[in-house]
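What follows is a short report on a single structure.
No value in this document is a laboratory result; all are computed from the given coordinates. Predicted model, so just to flag it, every value in this text is computed and none were measured. Neighbour counts are summed over all protein chains in view; Cβ atoms, including those assigned to glycine, are modelled from backbone coordinates with ideal geometry.
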Amino acid sequence: QVQLQESGPGLVKPSQTLSLTCTVSGGSISSNGYYWSWIRQHPGKGLEWIGYIYYTGSTYYNPSLKSRVTISVDMSKNQFSLKVRSVTAADTAIYFCEGTRWGNYETFDYWGQGTPVTVSS
Amino acid sequence: DIQMTQSPSSLSASVGDRVTITCRASQGISNYLAWYQQKPGKVPKLLIYAASTLQSGVPSRFSGSGSGTDFTLTISSLQPEDVASYYCQKYNSDSFTFGPGTRVDLK
């Protein structure tokens, strides 16, 4: 069974860079057809899709965050990472990583448990 | 960029009621639409993908329909354990935008 685990600092100072890592176990991050995504949820609010890195290495980001976000993958560690630059209090949220392979007859969808990040001095 | 809307934003229903949630895309997305359930403090759970295909292990009281721009999630007989927020998500290309969510409570 594929499992995902987020890790990273729970507290980041304003204007600094938020860095999170998602470690994939029980499967390969290079598996065919998988999208490896980051999603966040502000306190008491809905889900916000941040972006993904496809198994081919291509990336796509939420246009509202694109200028500040980078998602990358480390195949050797079976991990993918998120960097959000120039953070403000508005980036305070629970951050989830997700791995999905969409299909018409079978879909695989795995989530990390989420990690809270607070932006504060 | 394609926007996703949902209605209602919240609803209260009794156990056994039929509940319907609507999701609308600002442009056609064929059937590239998923529904998630999120209970308080929990990780979202995939219920339906390809607009109408039930994810393995999901109770059959959940169903989805629609194509193009208009989609529906139906709970045929609401159960206490269905109290949650429900989100639609498009995944047809590039951006995997979520809808704003619908909170379902018991009356």
Going by average Cβ density within 10 Å per residue, which order do the peptides A:99-112, B:6-19 take, highest to lowest?
A:99-112, B:6-19
With label points set 7 Å from each Cα along the Cα-to-Cβ direction at A:THR118 and A:SER30, the distance between them in nm comes to 4.1 nm
Hey, rough spin-label estimate for B:THR5 and B:SER60, points 7 angstrom out along Cα→Cβ, what's it come to in nanometres?
3.6 nm
Which of rounded, prolate or oblate describes the stretch B:1-56 when judged by the alpha-carbon gyration tensor and an a/c cut-off of 1.5?
prolate
For A:TYR105 and A:LEU11, what does the FRET efficiency come to when R0 = 45 Å and r is the distance between their Cβ atoms, rounded to the nearest 0.05?
0.55
Considering only the other residues whose Cβ falls under 14 Å of the Cβ of B:SER63, what net charge follows from Lys and Arg at +1 and Asp and Glu at -1?
+1
Under a point spin-label approximation (7 Å from Cα along Cα-to-Cβ), what is the A:GLN1-B:ASP94 distance to one decimal in nm?
3.7 nm
When we measure straight from the Cα of B:LYS107, which lysines land under 27 angstrom away, once same-chain ones fewer than 8 places off are left out?
A:LYS45, B:LYS39, B:LYS42, B:LYS45
Sequence-distant aspartates and glutamates (8 or more away, or on other chains) whose Cα lies within less than 17 Å of A:LYS83
A:GLU6, A:GLU48, A:ASP74, A:ASP91, A:GLU98
Is the C-alpha gyration tensor of the protein assembly as shown telling us rounded, prolate or oblate? Criteria: a/c under 1.5 is rounded; beyond that, a/b larger than b/c is prolate, otherwise oblate.
prolate
